[in-house]
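These notes are about the structure you will find just below.
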Amino acid sequence: MRRETGRSFSASHSIGILGGGLAGLSLAALLAEAGHAVTLYESGELGGKLGRLEVGGLTFSTGPSLFTFPGVWRRYLAVLGEADGLDLQLLPGGLGLHHTPFGTVPLPPGHPLSGEWDRYVALVRPLRLHIETLLTTPPRLSDPAFLKASAALGRVLGSHLTAERWTDAQRFSPLLAHALKTHALNAGLSPHDAPALYALLPALIADEVSRPAGGMAALLDELIRLCQVRGVRLRPHTPVTGLEGSRATVQLRGETVPHDLIVSALDPARRAGLSGKTIKPQARTVSGMAIYAAFADAVPLPATSIVAPTSFATFRQAMRANALPPDTLALVHAEGRRLALLLTVPATGQRQSLTDVWVRGQVARAEAVLGVPGLLDSALAVHALGPEYYTALGTPGGSIYGAANPFWRAGPFHPQPYRVSKRLWQVGTAVHPGGGIPAILGGALIVARLIQQKGDC
Ligand SMILES: Cc1cc2nc3c(=O)[nH]c(=O)nc-3n(C[C@H](O)[C@H](O)[C@H](O)COP(=O)(O)OP(=O)(O)OC[C@H]3O[C@@H](n4cnc5c(N)ncnc54)[C@H](O)[C@@H]3O)c2cc1C
């Protein structure tokens, strides 16, 4: 099912990609499809934050748990001329039950708040295609598609620039407003700091949120396959130890490899470090502590539950001070005998243990709110991945989405620094706004297109 893509320059170039997370892999397939000889260097296993973990005899997918904006995935596949091999299944209950200090609300709802929800959806849902366009189109004022989509988004956002301000301006009930604001965390920021776009997310994604039938790691398998059939040379367990961007040369242990072009799919701070440079330390988006637990019987919880912080102002204050908040956001997924519980923590890189008082307190709080006290203690086996794990993957402090840009420098309107120098480009979580799977795939589409258009590597 492959098709020829138009090429703006005919020669095949040698392109080295640093980092084999979702960003590196998704870009590698696109560049190979365009006819380049692509080599991808990954220091550990392919997949980065998305991987597989055995706990108590059960296999868990680590990292992302919600597949959103499937339209972006379809656009990605269309460029490759591939059919969708993921078999995406809608998640029962959509974005799940949101537990707030004002009560509990499912999103999308089926209860008395439906009227308010319908008003919100009517305002925001027409933007879905425009947001997909913004996620996949180079942010250029000369591009009519970008301009049209930006104008549509601008009309809905008005002068309210942060998620907090936009939500408050809609005069929703405190319950719905609090639930919507939790989704600012998709930017890795509190609603006071996240661009207003993030308050629109629930309306945009709630009816499409899904997961591959084979679990999230099926996305990793599929990206690897898309690379392999295009002849990408995948080199896991091959850390890059140095980088000379101007000469497009990659240093490995005991080997120096010249390329025509390099694309870094690493955090910009790590990439700079490989060139012997440092980047001024920046504020960071949040990190997480992901707890995976296997049980003897099915976990008695809905597919997704969100336990919101009591006060976003207090939460923000703690994150900014790199301190643990009195209560944090807990995202809970239950699937058969598997439970995944993600606690939001500041990106300090500090190891958190399951026996730490704060962790125990947050788990107990989530269990109490969900009506399952002592649940985790009854697990057959538990394993946690925290900020130190994500730091080892290459992002300072283990921040999930890299540096925290202020809202006026974040989001799709801000041109990202895709090209660092003539022969060095970058892609991935810490480069493209938002950083989740849709932004990763969209960023790969954008960078592949820009590289093709520049044609001067
Ligand atoms: C707990 C958690 C939950 C999440 N939930 C969601 C969700 O529900 N939905 C969603 O869309 N997104 C979610 N995300 C975000 C999503 O997982 C990430 O945006 C995405 O996986 C990042 O991909 P990446 O390739 O940019 O970065 P990474 O996965 O970090 O990949 C970077 C790679 O570079 C490698 N590397 C580093 N240094 C070197 C070197 N010197 N040489 C060679 N290789 C190197 C690392 O080993 C790593 O494999 C979540 C993330 C986390 C951590």
### Message
How large are Rg and Dmax for segment 323-388 when calculated on the C-alpha trace, in angstrom?
### Response
11.8, 34
### Query
Amide H neighbours of Ser287 under 5 Å, counting only residues 5+ apart in sequence or on other chains, H built in-plane at 1.01 Å?
Val345, Ala347, Ile400
### Task
Determine, from the Cβ-Cβ distance of Leu354 and His237 and an R0 of 30 Å, the FRET efficiency 1/(1 + (r/R0)^6), rounded to the nearest 0.05.
0.55
### 0 to 90° range, to nearest 10: angle between helix 437-454 axis and the chain longest Cα axis
20
### Message
At 0.36 nm per residue, and after removing the present C-alpha to C-alpha distance, how many nm does the segment from Ser12 to Ala83 gain when stretched out fully?
### Response
23.0 nm
### Task
Mind pulling the angle between the C-alpha long axis of helix 144-157 and the longest principal axis of the chain? Nearest 10 degrees, somewhere in 0 to 90.
20
## Note on the structure
Per the helix-only model, the chain has a calculated mean residue ellipticity at 222 nm (DSSP H runs of ≥4, -39500 (n - 2.57) each, divided over all residues, rounded to the nearest 500) of -9500 deg cm²/dmol
### Query
Of all accessible surface on segment 92-208 at a 1.4 Å probe, what whole percent is carbon and sulfur?
60
### Task
Could you grab the relative contact order for segment 31-117? Cα pairs under 8 Å, six or more apart, rounded to a whole percent.
12
### Calculated FRET value between Gln251 and Lys422, using beta carbons and R₀ = 22 Å, to 0.05
0.70
### Task
Please work out how much length the chain gains when fully extended from Asp143 to Ala122, using 0.36 nm per residue of separation minus the C-alpha to C-alpha distance, in nm with one decimal.
4.8 nm
### Message
Considering all alpha-carbon pairs of segment 200-324, what whole percent are spaced by more than 22 angstrom?
### Response
66
### Query
Going from most exposed to least, what order do His99, His192 have by accessible area with a 1.4 Å probe?
His192, His99
### Query
Using a simple spin-label model with points 7 Å from Cα along the Cα→Cβ vector, what separation in nm is obtained for Gln170 and Arg409?
2.9
### Query
Which value, in debye to the nearest 20, describes the size of the charge dipole of the chain about its Cα centre when Lys and Arg Cβ atoms bear +1, Asp and Glu Cβ atoms bear -1, and nothing else is charged?
1300
### Summary
From most to least accessible, 1.4 Å probe, no ligand or DNA/RNA atoms counted, Phe413, Phe295 line up as Phe413, Phe295
### Query
Counting GluC sites (Glu not before Pro) as exposed when in a DSSP loop with at most 15 other beta carbons within 10 Å, what is the longest stretch of the chain free of them?
46-457
### Summary
Eigenvalues of the alpha-carbon gyration tensor of segment 272-368, times 5 and square-rooted, give semi-axes in Å, largest first, of 29, 17, 12
#### Entry: Whole-number Å³ per residue for the convex hull built on Cα positions in segment 334-435
156
### Query
How high is the relative contact order of segment 92-208, in percent, counting Cα pairs under 8 Å that sit 6 or more residues apart?
30
### Task
Would you please give the residues with an amide H less than 5 Å from that of Trp425, counting only those at least 5 places away or on a separate chain, with H modeled from the backbone geometry?
Ile262, Val263, Ser264, Val420
### Pair-distance profile P(r), taking every C-alpha pair of segment 92-208, with 10 angstrom steps and integer %
14, 45, 31, 8, 1
### Task
Please determine, in degrees from 0 to 90 and to the nearest 10, the orientation of helix 357-370 with respect to the longest principal axis defined by the Cα atoms of the chain, where the helix direction is its Cα long axis.
70
### Query
For segment 290-344, treating each Cα as an identical point scatterer without solvent, what Debye log10 I(q)/I(0) comes out at q = 0.20 1/Å?
-0.71
### Query
What fraction, in whole percent, of alpha-carbon pairs in the chain exceed 39 Å separation?
18
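The values are calculated or read from the model by the stated rules, or taken from the named source; none is laboratory data. Predicted model, so just to flag it, every value in this text is computed and none were measured. Note that we place each Cβ from the backbone using ideal geometry, even for glycine, and neighbour counts take in every protein chain shown. We work out accessible area using only protein heavy atoms, side chains counted, and drop any ligands, DNA or RNA first. Shrake-Rupley method; radii C 1.70, N 1.55, O 1.52, S 1.80 Å.
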